[in-house]
Amino acid sequence: MLAPSAMSAAASGFTGPRLTPWVRRLMIALTAVFLALFVSDDLLGWNLTPRLVLVPSLLLEQPWSLLTFPFVLRNPIGRKGA
């Protein structure tokens, strides 16, 4: 038979590990940017992703790409067709 604390945990279902506030914020930010890029690029055809990816040869022209490339999940180093 299970101990009372194990029974209450089993009855409530699996909740998984708790996230720190910063990990939760980062996950929300990544999801929001991914959805925004999906809507803007795929649904609206604005093609914003090429302006956010990290292309080393364009680093002086697009310095923000050092900060935005982690949020661009499709082609993080700017290769087309990858």
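The values are calculated or read from the model by the stated rules, or taken from the named source; none is laboratory data. Since the model is a prediction, treat every value here as computed from it, not as a measurement. When we count neighbours, we look across all protein chains shown, and the Cβ atoms used for this are built from the backbone with ideal geometry, even at glycine.
Okay, here's what the table says:
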{"item": "Residue match in the stretch 59-82 (condition: modelled with pLDDT of 90 or more and part of a helix (DSSP H, G or I))", "result": "no"}
{"item": "Test result for Gly16, more than 17 Å from the chain's Cα centre (by Cα), modelled with pLDDT of 85 or more and either assigned to a helix (DSSP H, G or I) or of a type in the set (Gly, Ala, Ser) (or both)", "result": "no"}
{"item": "Residues within the stretch 36-56 that are closer than 13 Å to Phe71 by Cβ and either within 9 Å of the chain's Cα centre (by Cα) or polar (S, T, N, Q) (or both), tallied", "result": "2"}
{"item": "Filtered residues of the stretch 18-61 (kept if loosely packed, with under 12 Cβ neighbours inside 10 Å and under 10 Å from Val72 (Cα atoms))", "result": "none"}
